[in-house]
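Below is one structure, written out as structure tokens; the observations come after it.
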Amino acid sequence: MTAQLRQLLYRIRSLFRRAQLDCELDAEMSAHLELAIEENLRRGLSPAEARRQAFLRFGGSQQAKEQHRDARALPFLDTLLQDLRFAFRMLGKSPGFTVIAILTLALGIGANTAIFSVVNSALLRPLAYREPQQLYLVREIVPQMAKFAPILDANLPDFRMWQKQVHSFADVAIAESTTASLTGTGEAEIIRGVRASANLFDVLGALPAHGRTFLPEEDEPGRGNVVILTDAFWCARFQGNPSALGKKIVLDGVPHEIVGILPAAFRFPGRLGGANRAVRLAFFSPLNGPKSYEQGLIGEFDFDAVARLKPGVTPEQALAELNVVQAQIARQANEGLDLLGALQPLEAKVIGPARLGLIFLLGAVGVVLLIVCANLAGLLLTRVPGRMREAAIRVALGATRSRVIRQMLTETFLLSLAGGALGVWISLFAVKWFVHLAPATIPRLDEVQTDARVLAFALLASIAAGCLFGILPAWRVTRFAPLDALKSGGAATTESRKTRRLRECLVGFEVALTTLLLILAGLLTASLGQLLREQPGFAVDNVLLAGVDLPPQSYSQPDVRLHFYERVLAGVQSLPGVRAAGWVSLPPLGGQGSVTGITLPGESRGAETPIANYRPASPDYFSAMGIRLIEGRIFGPADLNRKVAVVSQSVAERFWPGKSAVSQICVTQWGPDVPAEVVGVVGDIHTVGLDEPPVMMVYVPHWFNTFSIPSFATFVLRTATDPAASADAVRQLVHTIDADVPITSLHPMTEIVSQSVDDRRFPMFLAISFAVFSLVLASLGIFGVVGYSVEQRRRELGIRMALGADLKRLVLRQGLIPVVLGLVTGVVAAVFAGRLISSLLFGVSAHDPATFLIVVLVVAVVATVASYIPARRAMRVDPIVALRYE
């Protein structure tokens, strides 16, 4: 073993001392030759004969040198270095081709690397917690409510019983998104946080960078006025000073002691904490006891519960034990409802529906790289005739066909590796651009980085690309008869029919992939257009929304809150350019808020009770928001202290189909069951998103019950001009009335609507970019094939022209045949691929005929233009000149 290692080291060392060793070998061989000559002279031979005999005895010097070099070096590596030197020389002879090939590959590989960086962070890299595969989200199911709510979040009292009785859990914690008004440090602002059980960080396996985590007793009422800050908030507010520990910040008017600082690497799942890149988490607070509405065993399901399974326990075993406890809770609640549990891997919850979109983007950019490889393969095939004579000479000198292929592949691998290196550099900027423009709902974007896995992907993509676009031309170069290739340089440089067919097949392959990408991008574009054409049920232009969140310590009484709303409303109505103004608890596209049952008089409350969204609103809200009045009237001062309501059209159709809903009585279950008279019917609006169907809405006046003057509200202003121009005046007005009231949002409705479709707009934009890039490459491929064919068939075309042939039709037919085949293949592939992205579409079929037809026409027109230019050139061929060619 030692001898073999010593020999290997000697061989490696010889690679760096080749010139010196060659000189020593020449000197040694010369010395041996002189000694042999001297010996022959002593034997009485003449000088000439002595020299001849010495050479005969010694053998071929060059062969001996080669054998010695093979013995002292690493033959494979030595040959590789020779191939690399030759490849550099060959690529240097065609700098234009080399630069174009490297840049094209860099764009393809760079785009793939950038998208893979995002996919790697979001889908492939495990969550940054201890043993993340053991973490599961615990959900609850009430079978009788499955029609309206198939699966629910966790309930606080149920969580307490899981902690005690579900022994399959090593531990379980709960958390919910929350906000707080931060005051005492300048202008009041709303910051986002997480209210969680004290053991949350123990379950996740996370430790603070400074300070401590929560204590168990801080979950009890009156003991939880402490917070743990995130690193980002700590750096922004306290400049990263550790002396912040022990200090207090005022949240919702209550001082909270800072007991810990989380490390910069800690990431809490955005889908649990309600945070994203646009809204950062600032703090964590303990439960501090249950709130009044969190007491019932089957009541408010508003927590996310995270459980860590014990080692060796399967999810199925844990679920079985959980369901036993759930049955006990249902019996104890005694409300006639069943209760089941559900376990979902935490990673699946974090990623959510973004998985399909990211996989689609990775697949689309992979198709672009395939088109790049096909295009480069076509370019290399144009160089095949010129390389056949070179390959024939190498074969005649003893090289095998595999050796020639290896030499050719060395050149393509050099191109691909150079393109890959440049592509990695491009991907660094592409990732920053992607993260900056991507919608905030894409998970874990703040964790995107270029790590070893990304670099390995870039290397593999480069090697695969080099093999894909290099193997076919290399194989084609060696498919020749050496004698024929050596007979004539002219013959060797004529493109054969087989080579032309290969190039046409590559063009058809490019067109098929381009058609596939264009159709998928077209479907996404049509889907977004259909979504934006969806009638939202409210006015979008010239509407400004201003949200406020009243501090509980100053606005604990309903009449105080109402007084503030009335003062702000009077102020904004007097602003110049404001035509109408009102307030509502939650604006359109703000999500679902107070959701509970609604029935007719005499109907009992049960699991099948229909549910509606309840919205306290001022009378002027409907005109300001542009919500259409269908029937009746809006409640007003004349209805003071009466239980009246305005319902949406879907409520009227659900309870009083074919009849007038005005003056009908409905029983609202928002708080105590209260019969209310319907005084008006308004149009349905989109509450969650434009792609979500409208929900049943019940609008009530501020005097309806104790919940109808909320601590948070949104003011709606309809303006005569650009609503953004009124934003500063609204901000100043609110802070003039009370500087401690934070403004949670201040945006025109157009901006809110635009943000609501970001999840669909961004993938569509990327898909269109990839598709257009591929169309450009495909058109260049068609132009190259047809143009090169015209140049190679110059003599043939001259003869055909002399005989009266229609060269334009001939050349166009040659260029369009592979295009037609590629179009058919691409359309068929798109039919199957459309099914995979059907969940990303809205209002558009995955087989939308208009999209398919438009894409086919676009590709056909581009292909015809790309073929027509060489066809015109063919028409200019002078038959006399062409017949004299060669």
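The values are calculated or read from the model by the stated rules, or taken from the named source; none is laboratory data. Computed from a predicted structure; not experimentally measured. Every residue, glycine among them, receives a Cβ derived from its backbone with ideal geometry; neighbour counts consider all protein chains shown. When the accessible area is computed, the model is the full protein with side chains, heavy atoms only, and any ligands, DNA or RNA have been set aside. Shrake-Rupley method; radii C 1.70, N 1.55, O 1.52, S 1.80 Å.
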Which residues' amide hydrogens lie under 5 Å from the amide hydrogen of PHE712, considering only partners 5 or more residues apart or on another chain, with H built in the peptide plane?
LEU550
Mind checking the per residue accessible area of region 136-196 for me, 1.4 Å probe, whole number of Å²?
36
Using the Kirkwood radius over C-alpha pairs as Rh, can you work out the diffusion coefficient of region 149-288 via Stokes-Einstein at 37 °C, viscosity 0.692 mPa s, in µm² per second?
209
Report the net charge of residues surrounding ALA581, where surrounding means a beta-carbon distance below 12 angstrom and charges are Lys +1, Arg +1, Asp -1, Glu -1.
0
Could you give the length gained on full extension between THR750 and GLN344, defined as 0.36 nm per residue of separation minus the Cα-Cα distance, in nm?
142.5 nm
Using a simple spin-label model with points 7 Å from Cα along the Cα→Cβ vector, what separation in nm is obtained for ILE359 and SER94?
4.0
Check ALA539: other-chain or 5+ apart residues with amide H under 5 Å from its amide H, H built from backbone geometry?
GLY626, ILE627
How large is the convex hull of the Cα atoms of region 532-685 per residue, expressed in Å³ as a whole number?
149
For GLU189 paired with ILE471, estimate the spin-label separation in nm (one decimal), with each label point 7 Å from Cα along the Cα-to-Cβ line.
5.6
Residue separation times 0.36 nm, minus the C-alpha to C-alpha distance between LEU532 and ILE151: what's the value?
134.2 nm
Sorted by accessible area (1.4 Å probe), largest first, how do LEU518, LEU340 line up?
LEU340, LEU518
If you roll a 1.4 angstrom probe over the protein chains with everything in place, what fraction of the accessible area of region 104-147 belongs to carbon and sulfur, to the nearest %?
61
Specify whether the C-alpha gyration tensor of region 543-595 places it in the rounded, prolate or oblate class, a ≥ b ≥ c being the square roots of the eigenvalues: rounded for a/c under 1.5, otherwise prolate if a/b is larger than b/c and oblate if not.
oblate
Is there a pair in LYS93/LYS432; LYS147/LYS310; LYS247/LYS310; LYS164/LYS349 whose C-alpha atoms are over 27 Å apart, and which pairs would that be?
LYS93/LYS432; LYS147/LYS310; LYS247/LYS310
Semi-axes (Å, rounded, descending) of the ellipsoid equivalent to region 222-265 per its C-alpha gyration tensor are 18, 10, 9
Along principal axes, largest first, the alpha-carbon spread of region 674-745 in whole Å comes out as 40, 32, 22
What is the local net charge at ALA624, summed over the other residues whose Cβ is closer than 12 Å to its Cβ (Lys, Arg +1; Asp, Glu -1)?
+1
